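Where a number appears in this text, it was derived from the coordinates with a stated rule and is not lab data. Owing to the predicted nature of the structure, the values given are computational and were not obtained by experimental measurement. A quick note on method: Cβ atoms are made from the backbone with ideal geometry, for glycine too, and the neighbour counts reach across all protein chains shown.
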Amino acid sequence: MRSSVWLWVPLALFAFFAGLAAYMLTQEKDQFVESTMIGQPLPDFALKPAFADLPGAGRGDFVGGGPRLLNIWASWCLPCIAEAPQLEALQDAGAEIVGIAIRDRPEDVAAFLARHGNPYVRIGADDISEVQLAIGSSGVPETFVIDAEGVIRYQHIGDIRADDVPMLLDQLEKAR
Amino acid sequence: MIAEIGLACLWLAAALAVLQMVSGAMALRGAADGAINPMAIYARPAAVVQAGLAVLAFAMLLWAFAITDLSIKLVATNSHSMKPLIYKLTGTWGNHEGSMLLWVGVLALSGGLLAGFERRLPERTMGAALGVQGFVALGFYAFLLFSSNPFERLPVPAVEGVGLNPLLQDIGLAIHPPTLYAGYVGLSVAFSLAMGALLTREVNPAFARVMRPWVLGAWVLLTLGITAGSYWAYYELGWGGWWFWDPVENASLMPWLAATALMHSVSVLAARDALRTWTIMLGVLAFSMSMLGTFLVRSGVLTSVHAFAVDPERGAFILALLGLYIGGAFAIFALRAGAVAEGQRFAVTSREGALVFNNVMLSAILAIVLMGTLYPLLTEAFDVRVSVGPPYFNPASAIFAVPMFVVMAIGPLLRWKADTPARVQFELTLVAAVLIAVIALVSFFGQFPLLPLLGLGLAAALAVAALLPLRGRRLARVPTATWGMVLAHFGVAVSLFGMACEGAFTQERLAAIAPGATEDVGDFAVTLESVTPVAGPNWTAIEARLAVRQGGGEPAILTPQARNFWSPPQATSESALLTRWNGQLYAVIGNQNEDGRWQIRVWWKPFVTFIWYGGMLIALGGLLAIAGRVRVDVRRRKAARLGRARRADLAALGGAAPAPAE
């Protein structure tokens, strides 16, 4: 004779699935995949200056003091123009921003900064995307939060929108 | 007006679904004295008219897409006036609302066909089945009307439409979704019939014979739909693979596995009156898997390349429907199935025994696929993100697929009820010899992964075994349904052969070459002749001209493209295929390097086409089985009618009427 307990198994399995699915539906769907570079120290690098008026950038520039922003950008990148005002706003709020210009020319960098403002304390020239790839960035612009130990704490992909500014300031505060 | 007619049809159909549900349920009541409840007679006409209305609603949407009526939101967001007409039409179901309307249309149509043509079941069971069908339809009408209205108007008509996802602008969209949907939703009839029989406890061979053609029909459509979808993904995505274990592919595979098991178990019930509870269980399970797939695809709980524009509110709605239907069905099953009388018993070594074994194997594969598909959902509940892919699915399903193929080779040779291995000793030896010989031969020529190697051996053994049931029989007298089984099993062997060859022998070449240069892949010499821009009706592309030479002789020209569509803006890779009887050359063009050379990717895939030929053979086998069963049934009914007429004549003459033969 069949045990009638077995007949309840499908219902029990389905109830488990339905509960799980209902729970997951109420959860915020987070499509964001965090970079595995988060929590890693910056790789060792020393880049020459991207144009005459500011020094270049190296790993050593991130150690000591407070947390800093590392902004990957290029003069040929249109979204970088769009995020220029936000970088200014971050600078005004006290953030120290180090730039890395990707595959750029000094005269183009100078023209860009003259037109859109200069929020940077130093800009390194990464002519072959070497540093960009090493820190796990695949495009421009991207912005990293680096703490005073030189460890990557946060990665923002794409241009910084106006409503991203408080979030980045918050991340800087957390990295302190 | 078009949209309003469509919407009115949907509301009317929903109202009729209520009538069908109530009237069908009435059939279960008041039958104490054996009479049919007078309220029950409305279920059939309600189902038929409802089917007409739902089809009309779909036709209205089709019309709106054909004339690009941009005052309808769905058309404006998914179509474009400059699109070729065929893609305007297929665009009707290339979106959430339209495909859901197609889903519901097929659901209503299946219910209508059941109500219109099925006269063999007792009215009580039939009424209960139609009631269930109406209940299911009602939920999905509510879903369309309250949460996914395809006929919603824009306050101001759009100037131009947004366009259709370029990946969908392909003839594949014309075939794959409608076939698949017809299969998915065709299983609703099996579900309703199973529930009806469970409610009236009339689970018997007569019931199985009624259910069988519906299961077979849905299964044939599913087989064709999956085969077409697999080929479409193969040439359209440009990744060179034919199955990716994507959640949506799994969502189509799971109902197919359940339907395959159901089809075999319903045959055992029809022929031998065994496996009663199991058949009911599978009948519920098959359509449950269809609904589960709909939920997974449209709720966005899983990440998939197929995902529709996802909306948690819609997800919640479908989940509620799932809870109602699947939960309800399993609850009734748990309460009622114990009361279904046990069927006939049989020995382990018998045709039934083999069928039960393979049913369990199919269910195990189904469980493997289901677990793999839902596992990311489970881990994400604990904030761990995982992706389950071929490294899990291939070996895990093979654990059950390999014994299944072995038993599948032997099963059809066994007799019903009880048999001994000694009786089929010759056949067993032959199949085993082929299996071992092929594996030994292939291993002799090279090192291949285990699964493709086993696949090759099993394919050969299965191909031989599939034909063995014909041995020693007068071919002209073999029933059509048996031919169907032989063909379908042979198709499995063909398909398996294609999969194993693709896995074992594929050669791939990825190279950056300048125009004029030549690369070798397999026996082929591929020369990049030129790279030129070309333009289509709504796209521009970079097209490579590849001259392919095999030995001497004239080269064949392949033209893979990297296309850029402008509305909506999206890049696609159009692969180019060179089909030979023994395989396909598959070419894709990639990016241009900084030094001006082009990335070209070429595969030689021996016998890869056999995967889809096999799929078509399997479906054709299913069609033959339906034709055979229906013909036998028509003949039997005709004979019964003649018998009744003769007895009536004899009675009228005053003679002693002989007892009916049935």
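Annotations
- Straight Cα distances below 19 angstrom link residue B:638 to the aspartates and glutamates B:118, B:649, B:662, with same-chain residues fewer than 8 positions distant left out.
- Semi-axis lengths, largest first, of the ellipsoid equivalent to the range B:507-606 are 24, 15, 12 Å, with √(5λ) applied to each eigenvalue of the Cα gyration tensor.
- Dipole check for the range B:451-576: with +1 at the C-beta of Lys and Arg, -1 at the C-beta of Asp and Glu, and the Cα centre as origin, the magnitude is about 900 Debye.
- Placing unit charges on each Cβ (+1 for Lys and Arg, -1 for Asp and Glu) gives the range B:481-591 a dipole about its Cα centre, and among B:538, B:579, B:559 the Cα reaching farthest toward its positive end belongs to B:538.
- Here the contact order of chain A, divided by its residue count and restricted to Cα pairs under 8 Å and six or more residues apart, works out to 28 percent.
- Helix A:106-116 vs. chain A, principal-axis angle (Cα, 0 to 90°, nearest 10): 70 degrees
- When you filter the chymotrypsin sites (Phe, Trp or Tyr not before Pro) in the range B:344-425 for DSSP loop state and at most 12 other Cβ atoms inside 10 Å of their Cβ, you are left with B:382.
- Mean Cα-pair separation over length for chain B, i.e. relative contact order, pairs under 8 Å, 6 or more apart, %: 11 percent
- ³J(HN,Hα) computed for each position of the range B:616-624 - Karplus, 6.51 cos²θ - 1.76 cosθ + 1.60, integer Hz, glycine/proline x: 5, 4, 4, 5, 4, x, x, 4, 4
- With both residues required to sit in chain A, DSSP beta bridges show an antiparallel share near 55%.
- What you get for the protein assembly as shown, charging only the Cβ of Lys and Arg (+1) and of Asp and Glu (-1), is a dipole of about 5840 debye around the Cα centre.
- Mean residue ellipticity, 222 nm, helices only, the protein assembly as shown: the sum of -39500 (n - 2.57) across DSSP H runs of n ≥ 4, divided by residue count and rounded to 500, is -19000 deg cm²/dmol.
- Straight-line reach from residue B:605: taking Cα to Cα under 24 Å and skipping same-chain neighbours fewer than 8 places apart, no lysines fall in range.
- At most 16 other Cβ within 10 Å, DSSP loop - trypsin sites (Lys or Arg not before Pro), the range B:278-368: B:345
- Part-to-part distance (alpha-carbon centres) for the range B:203-270 and the range A:35-68, which is given in Å: 57 Å
- With Cα atoms, 0 to 90° folded angle of helix A:165-174 axis to chain A main axis: 80 degrees
- For the range B:415-431, Karplus couplings with θ = phi - 60° (6.51, -1.76, 1.60), whole Hz, Gly/Pro x: 8, 5, 6, 7, 8, 10, x, 4, 5, 10, 4, 4, 4, 4, 4, 4, 4
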